[in-house]
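Colleague: Once you've had a glance at the structure underneath, I'll fire off some questions.
Derivation of every value follows stated rules applied to the coordinates shown; laboratory data play no part. Fair warning: this is a prediction, and the values are worked out from it, not measured in the lab. No Cβ is skipped: glycine too gets one built from the backbone with ideal geometry, and neighbour counts run over all protein chains shown.
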Amino acid sequence: MTRARILGVEDLVPAGLVEPARLQEIRRVAQEFTVAVTEDMAELIDPADTSDPIAAQFVPNEAELTSAAEERADPIGDERWSPVPGIVHRYPDRVLLKPILWCPVYCRFCFRREVVGKKAAILGREALEHALGYIRRSPQIWEVIVTGGDPFLLAPRRIGEIVRALDQIPHLGVIRFHTRVPVVDPRRVGSALVEALAAEKAVYVVIHANHPRELTPKTREAMLQLSRAGIPLLSQTVLLRGVNDDAALLEALFRGLVGMRVKPYYLHHADLARGTAHFRTGIATGQRLVRSLRGRISGLCQPTYVLDIPGGYGKVPIAPCAITPGNSPGGWVIEDGAGVRHRYPPDPDSAEG
Ligand code: SF4
């Protein structure tokens, strides 16, 4: 397996990604939040573009040092739902398993930015066994989401051990990996990783991609290797101001993903992570974008627009509703993809009543 060179904070000026005058600023940010950019992502950045959407995602910015009052250290409440180290059990039928809290890149808007990239970020063997024990003892768990950090940073041998251990738990139906590796460090996806993911149970891979420029030929090749192995592929996108808050751009991203056999799964409203206010759009903006996508792309290309309720109360869909009660009793008004409204008859049960 070959790996991308990783640029740390001191590499950004020599690489031409940051003006020398900003070095002190980005050093101050790096003291708070970890910095890393893979060479694959660095190569996509246009240093002459001060609004480059790839740079905005990975190159630190002084704005991260300003916290808004509504921001939180643990925006989606992982800690509250963690019965044992490495497990988050927020919903009855599924858990997160976090074997590693390192990533190949550190996204400047990350919702786990207070914990990723720090020391002691790998779950030791004993702690991992304890976490697996929790899953074995909990028959209501049907799905395990292996996340982090990025679980594809683990050696394929370790990934294989986790897959085999989960595969042997009778009450589990699905093992789902969440990763940014196929996008930001695609050379890590090789036959050893693909073999490590082989299981009797359904193994899904969910990638994180935010901009159509991230869908490079190398990423396409990585996804092809996974899909050839029969692994269903999904994606998550974070809606980010100045990066992808544009209908045509989201359309290109989602079409590009589907063309790579990846079903867009979630479009996340950006979480209230500390120092990320400059990335957040309004919910009304997100709804306007999603509404306009409805008429432009097929259902296959459309993710569900979701928000994690701050404090750990779960993920909920927040797309605008296309149907509202009409003026006639029990009747409805439905808006089509072009924004034209149509009447729909009352429900049969309302007529009976
Ligand atoms: S890859 Fe995921 S966990 Fe890692 S920094 Fe980016 S958003 Fe956070």
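Colleague: What number, rounded to the nearest 500 deg cm²/dmol, is the helix-based mean residue ellipticity at 222 nm of the chain, given -39500 (n - 2.57) per DSSP H run of at least four residues and division by all its residues?
Modeller: The per-residue figure over the chain is -8000 deg cm²/dmol.
Colleague: Ranking request for peptides 298-308, 143-153: highest mean number of other beta-carbon atoms within 10 Å first, then the rest in descending order.
Modeller: Working: 298-308: 16.3, 143-153: 22.5.
Averaged packing, sorted descending, gives the order 143-153, 298-308.
Colleague: Based on the mean of other beta carbon atoms within 10 Å per residue, what is the order of 321-331, 243-253, most packed first? Don't skip to the answer; put the middle values down first.
Modeller: Numbers: 321-331: 11.6, 243-253: 19.3.
Going by the mean number of other Cβ atoms within 10 Å, highest first, we get 243-253, 321-331.
Colleague: Would you kindly state how much longer the chain becomes between residue 224 and residue 13 on full extension, computed as 0.36 nm times their sequence separation minus their alpha carbon distance, in nm to one decimal?
Modeller: Taking residue 224 through residue 13 to full extension adds about 72.5 nm, to one decimal.
Colleague: Using 0.36 nm per residue, how much length does the chain from residue 142 to residue 63 gain when fully extended, once their Cα-Cα distance is taken away?
Modeller: On the way: separation 79, 0.36 × 79 = 28.44 nm, distance 4.08 nm.
Working it through step by step, the gained length comes to 24.4 nm.
Colleague: Stretch residue 48-residue 246 to full length: gain in nm at 0.36 nm per residue minus the Cα-Cα span?
Modeller: Numbers: separation 198, 0.36 × 198 = 71.28 nm, distance 2.15 nm.
Difference between extended and current length: 69.1 nm.
Colleague: Turning to a different aspect of this structure: Given Cα pairs under 8 Å that are at least 6 residues apart, what percent is the relative contact order of region 133-257? All intermediate terms of the calculation are to be shown ahead of the outcome.
Modeller: On the way: 181 pairs, mean separation 28.8, N = 125.
It rounds to 23 percent for region 133-257.
Colleague: Students often check this: by mean Cβ neighbours within 10 Å, which of 263-276, 89-102, 110-123 ranks highest, and how do the rest follow? Walk me through the intermediate numbers first.
Modeller: Values: 263-276: 21.4, 89-102: 19.6, 110-123: 17.4.
Top of the packing list down: 263-276, 89-102, 110-123.
Colleague: OK, next. Find the percent of Cα-Cα distances in region 171-254 that exceed 23 Å, and round it to a whole number.
Modeller: That fraction is 26 percent.
Colleague: Next up: Calculated FRET efficiency, residue 118 and residue 216, Cβ-Cβ r, R0 30 Å, to nearest 0.05?
Modeller: Numbers: r = 29 Å, r/R0 = 0.98.
So, using R0 = 30 Å, E works out to roughly 0.55.
Colleague: With θ set to phi - 60° and the Karplus curve 6.51 cos²θ - 1.76 cosθ + 1.60, what are the ³J(HN,Hα) couplings of region 44-51 in order, to the nearest whole Hz, using x for Gly and Pro?
Modeller: Listing the rounded values in order: 7, 7, 9, x, 7, 9, 6, 10 Hz.
Colleague: Apply the a/c threshold of 1.5 to the C-alpha gyration tensor of region 13-119 and tell me whether it is rounded, prolate or oblate. Walk me through the intermediate numbers first.
Modeller: Numbers: a/c = 2.53, a/b = 1.96, b/c = 1.29.
Prolate shape, in that a/c is at least 1.5 and a/b is the bigger ratio.
Colleague: Efficiency by 1/(1 + (r/R0)^6): what FRET value for residue 288 and residue 324, r their Cβ-Cβ distance, R0 = 22 Å, to the nearest 0.05?
Modeller: 0.85
Colleague: Please report how far the C-alpha centroid of region 298-343 lies from that of region 237-296, rounded to the nearest whole angstrom.
Modeller: 16 Å
Colleague: Expressed as a rounded percentage, what relative contact order does region 76-186 have, with Cα pairs under 8 Å and six or more residues apart?
Modeller: Across region 76-186, relative contact order equals 30 percent.
Colleague: Continuing with the same structure: Return the Cα extents of region 55-182 along principal axes one, two and three, sorted largest first, each rounded to a whole Å.
Modeller: So the extents along the principal axes, rounded to whole Å, are 49, 31, 24.
Colleague: Would you please report the Å³ per residue occupied by the convex hull of the alpha carbon atoms in region 235-353?
Modeller: In region 235-353, the Cα convex hull volume per residue is 140 Å³.
Colleague: In region 39-183, what percentage of the DSSP-assigned beta bridges are antiparallel, given to the nearest 5?
Modeller: Working: 4 of 12 bridges.
The antiparallel fraction comes to roughly 35 percent.
Colleague: May I pose another question? Quick one: check the C-alpha center-to-center distance for region 33-51 versus region 202-220, whole angstrom.
Modeller: With region 33-51 and region 202-220 each reduced to a Cα centre, they are spaced 17 Å.
Colleague: Along each of the three principal axes of the Cα atoms of the chain, give the extent in whole Å, ordering the values from largest to smallest.
Modeller: If we take the Cα atoms of the chain, the spans are 67, 54, 41 Å.
Colleague: Select from 53, 310, 217 the residue whose mean-square fluctuation is largest in a Gaussian network model of the chain (Cα-Cα springs shorter than 10 Å).
Modeller: Greatest mean-square fluctuation among the candidates belongs to 217.
Colleague: Same structure, new question: Run the numbers on the chain and let me know its relative contact order in percent, using alpha-carbon pairs under 8 Å that are six or more apart.
Modeller: Averaging sequence separation for qualifying contacts and normalising by length gives 15 percent for the chain.
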